[in-house]
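The values are calculated or read from the model by the stated rules, or taken from the named source; none is laboratory data. This structure is a prediction, so every number in the text was calculated from the model and none was measured. Positions of Cβ are generated from backbone atoms using ideal geometry, with glycine treated the same way; all protein chains shown enter the neighbour counts.
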Ligand SMILES: [Zn+2]
């Protein structure tokens, strides 16, 4: 059997097997790239790729948020096979953000490899859960790969976010929920708008990404922070979703003038929305995550049933050790 090479490179990984060399979430000259999603920490070196293969929402999000120039792009669709070099590739939903894809590769000797990118095995309000696909080799992210990361049921987290919003509004405050502009911001906008709140998006980039979600059928009715409607909502009951509280406050100063903005700022109550809020040094917030928790990662490996697992991102070492303890061959990529 030919040897498989799996190496980290910039924001991603390069694999080489049986004469075929493919970049995953990074770019190298003259070689193809499979791109899992549009978060910035997966885009390094992409402009040097011979051709980038990804879903239409991922390309739309890249175009909306970055000035990245790609030499060539190929749009791929979930569950529709395509070829790269001599490899049959099938993209599957990764459940992480809009358009996020896992890639299942089948080499010409039958060896099957699954690359997850970032993935979530739990349904969110705006994304469907990732489902494991059988493979001989699994390359997976392990962001929350230690046993202490166990998230509560998502509907419980949703209920607690709504509760915080109600409590703060009732005491005359403006809750400001901090979430990444791609993925979680859209989920929490959806959650709060469906609960009857006026939702202000505190950063222009959130609106830019929300337009991509809307293009693919997700209805989002947030109010841009620089709009006249935001001015009206801020004097009444409203919530803010922000990817950068600092920039949201700068926007408020531009909209209202420094004096009026100050009276709004004094009413802001910040909540982080992240799995990390469960940690020892966390800030106030709720554990809304776009990644799988530890039990989710472990059950995903069981579902894929691989002969070997390569782990990347935070906790790769710990999760590999855990897998080895359960009899699964595992290697941390660090
Ligand atoms: Zn991501």
Report summary line: Scanning segment 305-325 for residues that are crowded, with 20+ Cβ neighbours inside 10 Å and in a helix (DSSP H, G or I) gives 316, 319, 320, 322, 323
Query raised in the report: For residue 295, all conditions in the list (1) outside any strand (DSSP E or B); (2) in contact with a strand residue (DSSP E or B) (Cβ under 9 Å, 6 or more places away or on another chain); (3) touching a residue at least 24 places away in the same chain (Cβ under 8 Å) hold save one; what is the number of the exception?
Result: (2)
Requested in this report: Hey, could you check segment 79-102 for residues that are free of Cβ contacts under 8 Å to residues at least 60 places away in the same chain and loosely packed, with under 14 Cβ neighbours inside 10 Å and say which is farthest from the ligand (Cβ to nearest atom)?
Outcome: 83
Query - Listing of helices (runs of 4 or more DSSP H) fully contained in segment 195-283 that carry 2 or more residues being modelled with pLDDT under 95 and farther than 19 Å from residue 161 by Cα - result: 228-234, 245-256, 258-265
Query raised in the report: Got a number for residues in segment 112-127 being away from the ligand (no atom under 16 Å from the Cβ) and in contact with a strand residue (DSSP E or B) (Cβ under 7 Å, 6 or more places away or on another chain)?
Result: 3
Query raised in the report: Any residue at all in segment 10-19 that is under 20 Å from the mean Cα position of the chain (by Cα) and away from the ligand (no atom under 16 Å from the Cβ)?
Result: no
